[in-house]
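Since the structure comes first, as structure tokens, the remarks are kept for the end.
Just so it is clear, none of the values below were taken in a lab; they were calculated from the coordinates. Not measured: the values here are computed from a predicted model. No Cβ is skipped: glycine too gets one built from the backbone with ideal geometry, and neighbour counts run over all protein chains shown.
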Amino acid sequence: MSMAKITLKGNEVNTNSEIVSVGNPAPDFLLVDSDLNNISLSDFDGKNKILSIVPSLDTPVCQKSTLIFNDKVSTMKDTVLLVVSSDLPFAMKRFCTSESLDNVHPMSMMRSRNFAKDYGVLLVDGPLSGITTRAIVTISKDNTILHSELVSEIANEPNYQAAIDSLKQ
């Protein structure tokens, strides 16, 4: 499997593989919510899903994108926003609470990196090796990938509108 090349502040870094492809079934996952429960894809059956995959909610761009997606999802029916990072659930919950983000489901990879591997977003070299790059994946109610964006420069924001548009039927 080939790696995807992206940049971090202009320096080339690599992910473990290519990001998941549109039209394919979404890989199942095991993530941890802010109450330390194991969560899988089936916990969101019957909902459209936006996966905002970020290196850490402790960085300005990750915080900004989470705020923007929280606002956009507030008007979308049958849609959930999962913000996935390597952060501990406590830190993610603290950020979401302090910002009054009620449309965000913070999800941690604290128990497994398989999510990052299966979705093709695990950084395998550079200073952030071992955590995720910045990416967006949208998944339909029947768990088909509708949109995927591997942000080419980790310090940049994703294309919010393309993600939102992919969920409009």
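Can you flag which of K9/K77; K9/K72; K9/K47 are past 32 Å Cα-Cα? The pairs that break the limit, which is 32 Å between Cα atoms, are K9/K77; K9/K47. Relative contact order for the chain: 32 percent, from Cα pairs under 8 Å spaced at least 6 residues apart, divided by residue count.
Only Lys, Arg, Asp and Glu carry charge here, each on its Cβ (+1 for the first two, -1 for the last two); on that basis segment 25-141 has a dipole of about 180 debye about its Cα centre. DSSP assigns beta bridges within segment 1-102; of those with both partners inside it, close to 50 percent run antiparallel. Averaging the Cα positions of each part gives two centres, and for segment 113-169 and segment 24-86 these lie 11 Å apart. About the centre of its Cα atoms, segment 98-169 shows a dipole size close to 280 debye [charges on the beta carbon of Lys, Arg (+1) and Asp, Glu (-1) only; nearest 20 debye]. Among beta bridges identified by DSSP and lying wholly in segment 42-167, the antiparallel ones come to about 50 percent.
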